[in-house]
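The values are calculated or read from the model by the stated rules, or taken from the named source; none is laboratory data. Nothing here was measured: the structure is a model prediction, and the numbers come from that model. Here the Cβ is made from the backbone with ideal geometry for all residues, glycine too, and neighbour counts use every protein chain on show. Just the protein is used for accessible areas: all its heavy atoms, side chains included, with ligands, DNA and RNA removed. Shrake-Rupley method; radii C 1.70, N 1.55, O 1.52, S 1.80 Å.
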Amino acid sequence: MNLLNIKDLNKNFKQENENQLEVLKNINLKIKEKEFISFIGPSGCGKSTLLNILAGLIPASSGQVMLKNKLIQNPGNDRVMVFQEAALFPWLTVIENVLFGLKIKNIDKKKAYQKALDQLEAVQLKNFKDSYPHQLSGGMKQRVAIARALVIDPEILLMDEPFGALDEQTRLMLHHQLIKLWQDTEKTIVFVTHNIREAVKLSDRIIVFGSNPGRIVEEFKIDIPQPRDRENPTLVRIENKILKLLEKEIKKQGENTYEKIAT
Ligand SMILES: Nc1ncnc2c1ncn2[C@@H]1O[C@H](COP(=O)(O)OP(=O)(O)OP(=O)(O)O)[C@@H](O)[C@H]1O
Ligand SMILES: [Mg+2]
């Protein structure tokens, strides 16, 4: 079943010179329930903007996004965002940070604490519940951020380059944990990344964006069960295809810049 339906979506931003910057153009995309979908594309093509629109943080200029039969106009507990920088509250302990996500929900204190603890266990951080963010590594902070998002039990997890700032080993470990969480909780995940290998390893479907204006160039369905072997020839082939597409898009972007300078 379709969970999200993005229809004829356009987004412009007003620039300082009063001109409109066309950021997203004519985006049409349906996202299924329990799907793990990734957005990949050149820097500035509007991936974060689209995620922010899905989160209800900013409005579309035209077109619409439906969540089931409801128009997305505001943020809601059914969607939670995880950013590249974990953005934890430094003055709160790990468990207090996770509990913060539950404050907006009206549940019993004891129940909330147990929920937060269970969620920390799911990201293997139960033993660090009383630590402060500055006492954690980057990967651990990111896991707290994921626990804080999941404790609200949203239908959709929106992740904007969540592992972008991490080293390769930590990233691999978190891939493993995220896939397990995704399988256990059956969430729908919309994942933005610059890392093609990461997208290919994690996603059911990858949407490749081009820029100026941001638009969908191609999509790839990946029908290989998890956990995936990174040497799988189908995955390697898709990875190479996406790389070629992105190289073409980036080259086009470069030419556009050149034309603008030349005229
Ligand atoms: N609030 C805003 N006001 C004006 N312009 C904006 C705003 N937010 C984003 N933009 C512009 O919209 C374009 C797309 O930005 P966005 O952050 O969505 O790109 P992105 O694909 O996420 O890039 P990256 O991969 O570098 O994170 C950029 O040209 C950016 O300058
Ligand atoms: Mg971005």
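Restricting segment 99-161 to trypsin sites (Lys or Arg not before Pro) that sit in a DSSP loop and have at most 12 other Cβ atoms within 10 Å of their own Cβ leaves LYS105. Shape class for segment 2-133, computed from the alpha carbon gyration tensor (a ≥ b ≥ c): prolate, with a/c not under 1.5 and a/b above b/c. Taking LEU150, LEU29, LEU120 in turn, the Gaussian network model of the chain (Cα-Cα springs below 10 Å) assigns the largest fluctuation to LEU29.
Loop-located trypsin sites (Lys or Arg not before Pro) in segment 23-83 (DSSP state other than H, G, I, E, B) with a sparse environment of at most 13 neighbouring Cβ atoms within 10 Å: LYS68.
Rounded to the nearest 5, what is the percent of antiparallel bridges among the DSSP beta bridges in the chain? Bridges in the chain that DSSP calls antiparallel: roughly 55 percent.
Output the 0 to 90 degree angle, nearest 10, between the alpha-carbon long axis of helix 138-150 and the longest principal axis computed from the alpha carbons of the chain. Rounded to the nearest ten degrees, it is 80.
Taking a straight Cα-Cα cut-off under 26 Å and skipping sequence neighbours fewer than 8 places away in the same chain, the lysines within cross-link reach of LYS126 are LYS103, LYS105, LYS109, LYS110, LYS111, LYS115, LYS141, LYS180, LYS187.
Solvent-accessible surface of the chain, taken per residue with a 1.4 Å probe and all protein chains present: 53 Å².
Put simply, the amide H of PHE39, placed in the peptide plane, has neighbours under 5 Å in PHE191, VAL192, THR193, ILE207, leaving out anything fewer than 5 places away on its chain. Normalised by the number of residues in the chain, the average gap of Cα pairs under 8 Å and 6 or more apart makes the relative contact order 24 percent.
Computed with every protein chain present, the accessible area of SER211 is close to 10 Å² [probe 1.4 Å]. 3J(HN,Hα) along segment 182-194, derived from phi through the Karplus expression 6.51 cos²θ - 1.76 cosθ + 1.60 where θ = phi - 60°, amounts to 5, 5, 5, 9, 6, 7, 8, 10, 10, 10, 9, 8, 9 Hz, with x in place of Gly and Pro.
For the chain, with all protein chains in place and a probe radius of 1.4 Å, 50% of the accessible heavy-atom surface sits on carbon or sulfur. Give the distance, in whole Å, between the Cα centre of segment 70-114 and the Cα centre of segment 165-237. Measuring centre to centre over Cα atoms gives 25 Å. Taken one residue at a time, the phi angles of segment 45-53 give Karplus couplings (6.51, -1.76, 1.60, θ = phi - 60°) of 7, x, 5, 5, 4, 5, 4, 5, 5 Hz. Gly and Pro are set to x.
Remark: segment 21-38, residue by residue, has Karplus-estimated 3J(HN,Hα) of 9, 7, 9, 10, 10, 6, 8, 10, 7, 10, 10, 7, 4, 6, 7, 10, 10, 10 Hz, where x stands for each Gly or Pro and the curve is 6.51 cos²θ - 1.76 cosθ + 1.60 at θ = phi - 60°.
For segment 191-240, the set of trypsin sites (Lys or Arg not before Pro) satisfying both a DSSP loop assignment and a count of at most 15 other C-beta atoms within 10 Å is given as ARG230.
Oblate is the label for segment 71-196. Its Cα gyration tensor axes, ordered a ≥ b ≥ c, give a/c of at least 1.5 and b/c at or above a/b.
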